Amino acid sequence: MIPANFEYHRAGSVDEALSLLATHDGNAKVLSGGHSLIPALKLRLNQPAALVDIARIAALRYIRQDGNHIAIGAASTHKDIATSALLAQHLSMMPQAAGMIGDPQVRNVGTIGGSIAHADPAADWPGVLLAADAEIVLQSASGKRSLAAQDFFLGFFTTALAEGELVTEIRIPIPAAGTKSTYQKFSQPASRFAIVGCAAVVQVSNGTCSHVRVAFNGVSDSCFRDGNVEKALEGKAATAENIAAAAAQAAQGVSILSDHYAAEDYRTHLAQVFAKRALSAVAG
Amino acid sequence: MSVKISVTINGKKYTSQVEPRQLLVYYLREALSLTGAHVGCDTSSCGACTVLIDGNAVKSCTTLAVQVDGTQVTTVEGLAKNGTLHPIQEGFRQEHGLQCGFCTPGMIMSAADLLQNNPNPSETEIRHALEGNFCRCTGYHNIVRSIQWAAKKLQETNAAVL
């Protein structure tokens, strides 16, 4: 499969990338690892006039502590995140989820910024970032803005990213001591995209659960935080019975995807099973 | 409009004019006649097209040739030295790690990435490292043994993978 023709520009800086995007007025796509974009180009689902390659902008590739946040440059690869000691220390679901994306070859080049800009409903980062209370920093020629992950992911392959805007950073608040996090997924065996992926963050103190965050990938046409499960466990004792009761509420009131990998009822069942596994791992 | 790229492949420098849309695997196979990287699924699932870019295993069917400008690429053709098989290649020979052979170059390049980062992997680690490579002959057991053979050989001879 051969993509349609396009121009290629390698940006040396964020400013140069933004200027190239502005010049092409909505007809350019951002290339980094290319593992979401190039398959779409090969299938000619997308035929941009130009690609702006940001993969070598060193200023977009870092994972560092910034006050009470961890800041992740958008061009950080899944491998960078999978091997980050800083993230392992504060929010272990991040390296855990990174290590479950695709396969080693994909993780070597695929980036977190690219994955979230693409917003595949079966990708792993969207739900994980929802559960992490992440903020997404976007930059354009006219300035910078920051959106809560909840306001960034709008639906099926749809985000709040505007024409000419670039995802530059992901900011994760460092959770309070005693907070645990996990990502559990049932993956499609060839692509390893999530059929069901469940991210959970819970703080347990004196046996009581607080700061409960549960979010799903792959279950619906977009990632979502599951308020029913969260409410069912918030303020409750961290017991197997309470976890099971909360997990049984999973994926209610959302439209459930159905395809040849998993029909609607099976996916709903898996969402409950994986919510239970995830909550047991952090609060069990 | 074609773009000029300079890339070092298996230690040899190449300068070429390529179309931006040209995929790395076709650049290697058609422009340079390096046919070791195979086009299998063409959808970045099967890993038969795996090559190393600056030492990291990458699927060349999902990489543009322009993206490797200025990098060091290693293909399976670059492993044997002076007519002597690389220990990973020799491992596949000794342990019968190939049947039809189609997936073999990709398996070998993924093994090279693994052994650079983890010289003494467990069987589980080897199997995880091969998640991006499919063998339709289902020869995984012998492929794992081949990589174990290579890991042992590299350690015994204190040799670098690349």
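The values are calculated or read from the model by the stated rules, or taken from the named source; none is laboratory data. If you're wondering where the values come from, they're calculated on a predicted model, not measured in any experiment. Every residue, glycine as well, gets a Cβ built from its backbone with ideal geometry; the counts of neighbours run over all protein chains shown. Accessible surface areas use protein heavy atoms only, side chains included; no ligands, DNA or RNA. Shrake-Rupley method; radii C 1.70, N 1.55, O 1.52, S 1.80 Å.
Considering amide H positions built from the backbone, and no H for Pro or chain starts, which residues 5 or more places from A:Val196, or on another chain, come under 5 Å of its amide H?
A:Phe186
Under a straight-distance cross-link criterion of Cα-Cα below 28 Å, which lysines are reachable from A:Lys231, leaving out those fewer than 8 residues away in the same chain?
Excluding near neighbours in sequence, the set is A:Lys180, A:Lys185, A:Lys276.
Between A:Leu43 and A:Glu163, 0.36 nm times their residue separation minus their Cα-Cα distance comes to what?
Numbers: separation 120, 0.36 × 120 = 43.20 nm, distance 2.25 nm.
Result for the pair: 41.0 nm of gain on full extension.
Using a Cα-Cα cut-off of under 15 Å, which aspartates and glutamates could be cross-linked to A:Lys29, ignoring same-chain neighbours fewer than 8 residues away?
Leaving aside aspartates and glutamates fewer than 8 places away in the same chain, those within reach of A:Lys29 are A:Glu7, A:Glu16, A:Asp53, A:Glu163, A:Glu165.
So, in nm, how far is label A:Ala177 from label A:Ser210 when the simple model puts each one 7 Å beyond its Cα toward the Cβ?
About 1.5 nm separates the two model spin labels.
Taking beta carbons within 10 Å but only from partner chains, what does the mean come to for residues A:108-118?
Numbers: counts 10, 8, 2, 0, 0, 0, 0, 0, 0, 0, 0.
Per-residue shielding by partner chains comes out at 2.
About the Cα centre of region A:58-173, what is the dipole size in debye to 20, counting +1 per Lys and Arg Cβ and -1 per Asp and Glu Cβ, all else neutral?
Details: 7 positive and 11 negative charges, 58 e Å.
About 280 debye.
Once fully extended, how much extra length lies between A:Leu154 and A:Asp221, figured as 0.36 nm per residue of separation less the alpha-carbon to alpha-carbon distance?
On the way: separation 67, 0.36 × 67 = 24.12 nm, distance 1.00 nm.
Computed gain between A:Leu154 and A:Asp221 is 23.1 nm.
Along the charge dipole of the protein assembly as shown, Cβ charges K/R +1 and D/E -1, which of A:Ser255, A:Leu37, B:Ser16 sits furthest on the positive end?
Looking along the dipole axis, the top candidate is B:Ser16.
Rounded, prolate or oblate for the protein assembly as shown? Axes are the square roots of the Cα gyration tensor eigenvalues, ordered a ≥ b ≥ c, and the cut-off for rounded is a/c under 1.5.
Working: a/c = 1.91, a/b = 1.33, b/c = 1.44.
Cα axes put the protein assembly as shown in the oblate bin.
If each DSSP helix of 4+ residues adds -39,500 (n - 2.57) and the sum is divided by the residues in chain A, what number results at 222 nm, nearest 500 deg cm²/dmol? Don't skip to the answer; put the middle values down first.
Numbers: 12 runs with 93 residues, N = 284.
Result for chain A: -8500 deg cm²/dmol, rounded to the nearest 500.
Return the long-range amide H neighbours of B:Leu64 (sequence gap of 5 or more, or a different chain), with a cut-off of under 5 Å between placed amide H atoms.
Sorted by chain and number, the residues that satisfy this are B:Leu24.
Using θ = phi - 60° and the Karplus relation 6.51 cos²θ - 1.76 cosθ + 1.60, list the HN-Hα couplings for region A:8-14 in order, rounded to whole Hz, with x at every Gly or Pro.
Using θ = phi - 60°, the values come out as 10, 10, 9, 7, x, 8, 4 Hz.
Determine which lysines satisfy two conditions relative to B:Lys81: a Cα distance under 18 Å, and not lying fewer than 8 residues away in the same chain.
Excluding near neighbours in sequence, the set is B:Lys12, B:Lys13, B:Lys153.
Kindly compute the accessible surface that chains B and A hide from a 1.4 Å probe when together, both sides summed, and give it to the nearest 100 Å². Could you put the intermediate results ahead of the total?
Working: alone 8450 and 12480 Å², together 18530 Å².
Using a 1.4 Å probe on protein heavy atoms, the buried area is about 2400 Å².
For A:Asn242, put the label point 7 Å out on the Cα→Cβ axis and report which residues of region A:256-284 keep their amide N under 17 Å from it.
A:276-284
Tally Lys/Arg at +1 and Asp/Glu at -1 over every other residue whose Cβ is under 12 Å from the Cβ of A:Asp80; what's the total?
Details: positive: A:Arg61, A:Arg64, A:Lys79, A:Arg107; negative: none.
Its environment carries a net charge of +4.
For chain B, what is the accessible area per residue in Å² when the probe is 1.4 Å? Each step should come with its number before you reach the end.
Details: 7300 Å² over 162 residues.
Here the per-residue accessible area is 45 Å².
Going by amide H atoms built from the backbone, whose H comes under 5 Å of the H on A:Glu169, apart from near neighbours?
A:Ala74, A:Val137
Looking at chain B as a GNM with Cα springs under 10 Å, which of B:Leu114, B:Leu32, B:Leu52 has the largest mean-square fluctuation?
Comparing B:Leu114, B:Leu32, B:Leu52 in the GNM, the peak value goes to B:Leu32.
Using the Karplus equation 6.51 cos²θ - 1.76 cosθ + 1.60 (θ = phi - 60°), what ³J(HN,Hα) coupling, rounded to whole Hz, does each residue of region B:122-128 give in order, writing x for Gly and Pro?
6, 4, 4, 5, 5, 4, 5
Could you tell me how many degrees, from 0 to 90 and to the nearest 10, lie between the Cα long axis of helix A:264-283 and the main elongation axis, the longest principal axis, of the Cα atoms of chain A?
So the helix axis and the longest Cα principal axis differ by about 70 degrees.
Could you sort the peptides A:234-242, A:261-269, A:217-225, A:200-208 by per-residue average Cβ neighbour count (10 Å cutoff), highest mean leading? Can you show the working numbers first?
Working: A:234-242: 14.4, A:261-269: 16.0, A:217-225: 23.4, A:200-208: 18.7.
Descending packing order for the listed peptides: A:217-225, A:200-208, A:261-269, A:234-242.
Rolling a 1.4 angstrom probe over the protein heavy atoms, how many square angstrom per residue are accessible across region A:102-155? Don't skip to the end; give the middle numbers.
Working: 1570 Å² over 54 residues.
Accessible area per residue, region A:102-155: 29 Å².
Give me Rg over Rh for region B:87-156, both radii from the alpha carbons and Rh done the Kirkwood way, two decimal places.
We get a ratio of 0.91 for region B:87-156.
How much of the accessible area of chain A, probe 1.4 Å, is carbon plus sulfur, in whole percent?
The nonpolar share, carbon plus sulfur, comes to 50 percent.
How well do other chains shield peptide B:130-140, expressed as the mean number of their Cβ atoms within 10 Å of each residue Cβ? Before the final figure, lay out each step's value.
Details: counts 2, 10, 8, 3, 1, 0, 0, 0, 0, 0, 0.
Counting Cβ atoms of other protein chains within 10 Å of each residue's Cβ and averaging gives 2.
Sort A:Arg10, A:Arg44 by accessible area with a 1.4 Å probe, largest first.
Values: A:Arg10 75, A:Arg44 110 Å².
Ranked from most to least accessible, the order is A:Arg44, A:Arg10.
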